[in-house]
Amino acid sequence: MARFTLPRDLYYGKGSIDTLKTLKGKKAIVVVGGGSMKRFGFLDKVCANLKEAGMEVRLFEGVEPDPSVETVMKGAAAMREFEPDWIVSIGGGSPIDAAKAMWVFYEYPETSFEAILQPFSFPELRQKAKFLAIPSTSGTATEVTAFSVITDYQKGVKYPLADFNITPDVAIVDPDLAETMPKTLTAHTGMDALTHAIEAYVSTMNSPFTDPLALKAISMVFDYLPASYKGDSSAREQMHYAQCLAGMAFSNALLGIVHSMAHKTGAAFSTGHIPHGCANAIYLPYVIQYNAGFMEAKKRYVEIARSVGIDGASDDEIVAALCAKIDRYNVELSIPKTLKDFGINEAEFLEKLPTIAELAVGDACTGSNPRPITPAQMAELLKCCYYGTKVNF
């Protein structure tokens with residue numbers, strides 16, 4: 001038996017943030033990141049709408065990019081003190097991911113972070129609160145997924161948390177919020193969405209329910225991301241919907257080793273943090289080359305390529321053309337081709353490589369990758385991503 005889970009309600013379109021006025025409840029805590037949502041007036045609008053719905057409102061502000069275990073625990077403590085019946089999070093993936101994890105420790109203060117690292121091991125939520133998410137970026141799709149990524153900075157590791165329990169009850173996908181994204185963030189989040197959809201389509205957990213969502217998202221990203229990057233308002237709106245479709249696909253089909261690698265390298269190097277979407281964009285063509293060594297995966301990549309108008313004399317030629325198309329998008333979006341180009345120090349990379357490879361193989365996303373991988377193979381794959389060499393194993 002398989003499962004397909006999405007939020008009960010999804011509101012979309014310009015101005016859909018006003019749906020908050022119809023929410024039923026007594027208390028809402030609003031979890032938010034830096035100052036952009038406040039600066040552009042969206043945070044005030046959220047609070048005003050919730051108050052119009054008759055709720056007492058409290059803020060938990062300052063969730064950092066790549067939220068930490070410490071921030072999660074502070075937020076959970078604030079929730080236990082306030083006792084909300086709605087958790088509302090607005091912003092990029094970071095505040096929404098953090099709020100999801102806070103939700104667990106609000107309802108189950110006796111549990112530990114280590115206890116929820118095993119995928120799909122969460123206690124039953126909604127004992128005290130429901131969850132509503134409002135994304136401001138067009139990439140993570142955490143507003144519709146069963147995932148949250150939390151960083152342990154002491155260990156330099158990102159932990160992908162996974163459980164259908166943390167799928168939000170309500171998602172509001174209002175493209176007005178995406179208008180505020182700077183160009184670099186638009187590029188990184190857009191390629192994150194593309195990676196989500198491609199990995200979902202080739203995942204061992206793909207299904208007739210996830211495949212159409214993934215293919216539609218891939219087509220929309222290729223159609224709209226360049227114009228969105230340049231600031232086109234209509235393209236921004238379509239990208240906001242595309243990333244949501246990709247999220248619906250991967251939340252149920254799961255992901256693969258592009259994400260395993262990104263999770264374990266993002267915070268690993270002293271010479272520079274690698275933004276998640278940027279890491280995915282760098283790794284994606286190399287992982288496609290690796291996975292295409294497995295016949296079933298190659299077939300799925302060919303289906304993706306043909307769905308966006310790519311053809312060729314052989315399957316190998318078609319897969320190579322798909323990788324080339326992704327490479328061209330990365331160039332257009334000013335994303336480096338390799339980790340070396342990104343600026344990661346070579347000596348540090350080689351020193352940490354065995355540990356990173358081991359951790360990446362053990363990542364929760366590796367299990368649904370279409371081709372198995374060993375730590376030794378992962379190390380070689382990461383070397384290809386560092387030096388820009390072709391994957392031929």
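The values are calculated or read from the model by the stated rules, or taken from the named source; none is laboratory data. These numbers were taken from a predicted model, which means no experiment stands behind them. As a convention, Cβ positions derive from the backbone with ideal geometry for all residues, glycine included, and neighbour counts pool all protein chains shown.
A few notes on this one:
- Where E83 falls short, out of the listed (1) at negative phi; (2) in contact with a Lys or Arg (Cβ under 8 Å, 6 or more places away or on another chain): (1)
- When H196, H188 are checked against the criterion of being out of contact with any Lys or Arg (no Cβ under 7 Å at 6 or more places or on another chain), within 26 Å of L43 (Cβ to Cβ) and touching a residue at least 24 places away in the same chain (Cβ under 8 Å), a single residue qualifies: H188.
- Checking each residue in the stretch 114-128 for being closer than 25 Å to A253 by Cα and either without any contact (Cβ under 8 Å) to a residue 60 or more places away in the chain or part of a helix (DSSP H, G or I) (or both) picks out E114, A115, I116, L117, Q118, F120, S121, F122, P123, E124, L125, R126.
- Here S228 fulfils each of the conditions (1) assigned by TED's automatic domain parsing to the domain that holds K21; (2) crowded, with 24+ Cβ neighbours inside 10 Å apart from (1).
- Filter pass, F393 being part of a helix (DSSP H, G or I) and among the aromatic types (F, W, Y): no
- Test result for K45, surrounded by 15 or more Cβ atoms within 10 Å (Cβ to Cβ) and over 25 Å from P275 (Cα atoms): yes
- None of A246, A242, A171 is crowded, with 24+ Cβ neighbours inside 10 Å, touching a residue at least 12 places away in the same chain (Cβ under 8 Å), more than 14 Å from the chain's Cα centre (by Cα) and within 30 Å of T22 (Cβ to Cβ) except A171.
- Test for N165: is it polar (S, T, N, Q), in contact with a Phe, Trp or Tyr (Cβ under 7 Å, 6 or more places away or on another chain) and either within 21 Å of G362 (Cα to Cα) or surrounded by 24 or more Cβ atoms within 10 Å (Cβ to Cβ) (or both): no
- Condition met for A28 (assigned to a helix (DSSP H, G or I), within 18 Å of V170 (Cα to Cα), touching a Leu at 6+ places or on another chain (Cβ under 8 Å) and of a type outside the set (S, T, N, Q)): no
- Of all positions in the stretch 257-264, at least one carries a residue that is surrounded by 24 or more Cβ atoms within 10 Å (Cβ to Cβ), among the basic types (K, R) and either in the same structural domain as L322 (by TED's automatic domain parsing) or touching a residue at least 12 places away in the same chain (Cβ under 8 Å) (or both).
- Restricting the search to helices (runs of 4 or more DSSP H) fully inside the stretch 31-102 and requiring at least 1 residues that are more than 27 Å from E124 (Cα to Cα) and without any contact (Cβ under 8 Å) to a residue 24 or more places away in the chain gives 36-39, 42-52.
- Sole residue being of a type in the set (K, R) and within 15 Å of the chain's Cα centre (by Cα), chosen from K230, K183, K264: K264
- Residue ranges of helices (runs of 4 or more DSSP H) in the stretch 156-268 with at least 2 members under 26 Å from V31 (Cβ atoms): 175-178, 183-202, 233-253, 257-265
- For the stretch 53-70, the set of residues classified as farther than 21 Å from K27 by Cβ and among the β-branched types (V, I, T) consists of V69 only.
- Inspection of the stretch 291-309 identifies no residue that is surrounded by fewer than 13 Cβ atoms within 10 Å (Cβ to Cβ) and among the hydroxyl-bearing types (S, T, Y).
- Scanning the stretch 7-35 for residues that are loosely packed, with under 14 Cβ neighbours inside 10 Å, of a type outside the set (K, R) and within 21 Å of I166 (Cβ to Cβ) yields one hit, D9.
- When each of T142, T195, T189, T137 is tested for being under 24 Å from A101 (Cβ atoms), surrounded by 24 or more Cβ atoms within 10 Å (Cβ to Cβ) and out of contact with any Ser or Thr (no Cβ under 9 Å at 6 or more places or on another chain), the lone residue that passes is T195.
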